[in-house]
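Down below is the structure, laid out as structure tokens.
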Amino acid sequence: MSEMHSPSRHVCSAASAPTTWYHASAKRPFARTSPLVGELTADVVIIGAGFTGVSAALDLAAAGLNVVVLEANEVGAGASGRNGGLACSGWRHDQKWLEARMGREDARRLWLLAEDAKADLLARMHDFHIDADWTPGQVFAAHTPRLMQELDNDANHMARAYGYELPHRLDKEQVAHALGSSAYQGGWRDPSAGHVHPLKLLYGLMQAALGAKASLHEYSRVIEVGSDGGKHFAKTSTGRVVADHILLCGDGYLDGIEPDVEARVLPIGSFIIATEPLPADSQILPLHDSAMDTRFVVNYWRRTAERRLIFGGGEKYTPSWPTDIESFVRRNLVKIYPELSGIQVTHAWGGALGITPTRLPYLRQIRPGLLSASGYSGQGVVLAPYFGRILAACVLSQHRDYDVVSRMPVPEFPGGRALRWPLLTAAMTWYALRDKLP
Ligand SMILES: Cc1cc2nc3c(=O)[nH]c(=O)nc-3n(C[C@H](O)[C@H](O)[C@H](O)COP(=O)(O)OP(=O)(O)OC[C@H]3O[C@@H](n4cnc5c(N)ncnc54)[C@H](O)[C@@H]3O)c2cc1C
């Protein structure tokens, strides 16, 4: 079954619940909430109940603040409830790229921050008893000899300059064994990265935030934010929250609220299928690793505890989405696993994720009292919950990496908000074509 989306907003309609495999396999542990009606006051209003917003809500409510979370749809309707679940190490760029642009000291701090984010995620799952099917192990597979060389160079640099020696190299034969596919030239396996059931993780964090007395209103789309007599407000069609701070946590689903963010963070569509359970003797991912490849339009996949294959592949850079998501993704799947051409796909879905021109997240104080974090560019499973914590620390006037994070270069997309779609589509299509080169 395929889920249809509003092409303009990439959000499933309020009338239909998301039909991902995640929604079919995770039990929501807290009650439905009602839309905002009338006027409320709060210390902090958070827009968006994905990893970023819910994580910030948890810290702020635990610190004793009065927190109201406004969610346009239901918790988990955004990317956090529909992603591939890959919990990756580092950033979308290798450390040399960061060193060249930000200097060695900042690049080192960012590496340590990403490592902290990974450890912090595991610690929070432990502390809040969140069983999100965490499974360690991630293979990064090179689809050309040139890219294998790049992975080798990168791994050597990480071992020499950062002492990061955990990943181990896989030659052509070893990567074929690790993936159950001969489509790749080699790769590296990182045992400290892994995968989770993202919706179980999000539900667990939301439940913890509610337990700390955060308030949640679903089906409450914010249509305007503004300032009034020294306070800030967030307005929906049926109500308003007046607060000292507003946190914008809508990522790829934010639309028409704040031009500064939308000029830098653009939603692109990414698409996933879930198969029926693989046969018990299947050689695909025998160690239950997650995997991703070196293509610009990245393929990412993993096995669930019940042996289903969750496979993501294919992106859309225009507001219109494929009408047949299953076929759109399946054609990438069979390039890696031709033997799965006839496998039954039980769920097919898409989601919007925010990307930035430099593929680095955009966390900033837009103006006093208005903060935003988004644009994780495909690495939000680890980074978004952590960036939510950085937002919370800013509100609490605590030091937590805001300085280095806000130095990450995130310019506007060429053409600004109005022209970003056509220019981006042209640029991305060109890069996607390069996947076909040796
Ligand atoms: C198909 C897909 C696969 C992905 N795979 C991976 C992966 O394997 N690994 C990885 O690290 N990352 C992956 N990502 C990216 C990752 O999911 C995101 O970076 C992360 O979930 C972003 O979290 P968030 O809380 O910032 O945003 P979201 O989870 O998108 O949440 C934003 C929420 O804000 C709400 N909202 C927006 N505007 C308003 C408004 N005006 N009023 C009220 N509410 C509003 C939305 O309804 C939504 O619920 C993937 C994304 C997609 C779509």
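The values are calculated or read from the model by the stated rules, or taken from the named source; none is laboratory data. From a predicted model like this one, the values you see are computed outputs, not experimental measurements. Every residue, glycine as well, gets a Cβ built from its backbone with ideal geometry; the counts of neighbours run over all protein chains shown. SASA here: full protein model, heavy atoms, side chains in, ligands and nucleic acids out. Shrake-Rupley method; radii C 1.70, N 1.55, O 1.52, S 1.80 Å.
When the inverse distances between all different Cα atoms of segment 25-66 are averaged and flipped, the Kirkwood radius reads 12.2 angstrom. Using a probe radius of 1.4 angstrom, the carbon and sulfur fraction of the accessible surface of the chain is 54%. When Leu151, Leu202 are compared by accessible area at a 1.4 angstrom probe, the order from most to least is Leu151, Leu202. Rounded to the nearest 10 degrees, the inclination of helix 95-127 to the longest alpha-carbon principal axis of the chain is 80 degrees. The C-alpha atoms of the chain define a longest principal axis, and helix 51-62 lies at about 50 degrees to it.
Near the amide H of Asp293, within less than 5 Å, lie the amide hydrogens of Ala141, Asn299, all on another chain or at least 5 residues away, with H placed in the peptide plane. Heavy-atom accessible surface of Tyr164, to the nearest 10 Å², is about 30 Å², with a 1.4 Å probe and all protein chains retained.
Around the amide H of Ala87, modelled in the peptide plane, lie the amide H atoms of Gly194, His195, Val196, all under 5 Å away and 5 or more residues distant in sequence or on another chain. Running a GNM on the chain with Cα contacts under 10 Å, which residue among Asn156, Asn66, Asn332 ends up with the highest mean-square fluctuation? Residue with maximal mean-square fluctuation among Asn156, Asn66, Asn332: Asn156. Surface listing: Cys394, Cys249 arranged by accessible area from highest to lowest gives Cys394, Cys249, probe 1.4 Å. Sequence neighbours fewer than 8 away in the same chain don't count; with that in mind, list the aspartates and glutamates whose C-alpha is under 19 Å from Lys231. Correct list for Lys231: Glu39, Asp43, Asp244, Glu258. For helix 416-434, what angle does its Cα long axis make with the longest principal axis of the chain, in degrees from 0 to 90 and rounded to 10? Long axis of 416-434 versus the principal axis of the chain: about 10 degrees.
Within segment 212-227, which residues have the backbone N less than 17 Å from the label spot 7 Å out from Arg28 along Cα→beta-carbon, could you tell me? Correct set: 215-221. For the pair Ala63 and Ser192 in one chain, pulling the backbone fully straight at 0.36 nm per residue adds 43.4 nm over the alpha carbon distance. Converting phi to 3J(HN,Hα) with the Karplus coefficients 6.51, -1.76 and 1.60 and the offset θ = phi - 60°, segment 78-92 yields x, 4, 5, x, 9, 8, x, x, 6, 9, 9, 8, x, 10, 5 Hz in sequence order, with x at every glycine or proline.
Largest GNM mean-square fluctuation across Gln344, Gln365, Gln207, computed for the chain with C-alpha springs under 10 Å, falls on Gln344.
Phi-derived couplings, Karplus 6.51 cos²θ - 1.76 cosθ + 1.60 at θ = phi - 60°, listed residue by residue for segment 281-294: 9, 4, 8, 6, 6, x, 8, 6, 5, 9, 8, 8, 10, 8 Hz, with x used for Gly and Pro.
At a probe radius of 1.4 angstrom, the accessible area of the chain per residue rounds to 40 square angstrom.
Distance distribution P(r), segment 234-348, all Cα-Cα pairs, bin width 5 angstrom from 0: 2, 9, 17, 17, 14, 10, 9, 8, 8, 4, 2, 0 percent. For the pair segment 281-325 and segment 238-263, the centres of their Cα atoms are 31 angstrom apart. Solvent-accessible surface (1.4 Å probe) assigned to Glu262 amounts to roughly 10 Å². Rounded to the nearest 10 square angstrom, Tyr386 shows an accessible area of 10 square angstrom against a 1.4 Å probe.
Residue ranking by accessible heavy-atom surface, 1.4 Å probe, largest first, among Phe328, Phe140 comes out as Phe140, Phe328. Amide H contacts under 5 Å for Thr346: Ala274, Thr275, Glu276, restricted to partners 5 or more places along the chain or on a different chain, H placed in the peptide plane at 1.01 Å from N. Between His217, His232, His126, the residue with the greatest mean-square fluctuation in the GNM of the chain (Cα pairs under 10 Å linked by springs) is His126.
Distance between the C-alpha centres of segment 144-164 and segment 191-227: 36 Å, rounded to the whole angstrom. For the pair Ser182 and Gln398, label points projected 7 Å from Cα toward Cβ lie 5.4 nm apart.
Working note: Cα atoms of the chain, range along each principal axis, descending, whole Å: 66, 48, 45. In summary, the aspartates and glutamates within cross-link reach of Lys213, defined as a Cα separation below 12 angstrom excluding same-chain residues under 8 places away, comprise Asp59.
Of Lys200/Lys335; Lys96/Lys172; Lys27/Lys118; Lys172/Lys335; Lys118/Lys200, which ones are farther than 27 Å apart at the Cα?
Lys200/Lys335
Counting only residues at least eight positions apart within a chain, or on another chain, the lysines with an alpha carbon under 18 Å from that of Lys316 are Lys436.
Here is how the number arises for the chain: DSSP H runs of 4 or more residues each give -39500 (n - 2.57), the sum is divided by the residue count, and the result at 222 nm is -10500 deg cm²/dmol.
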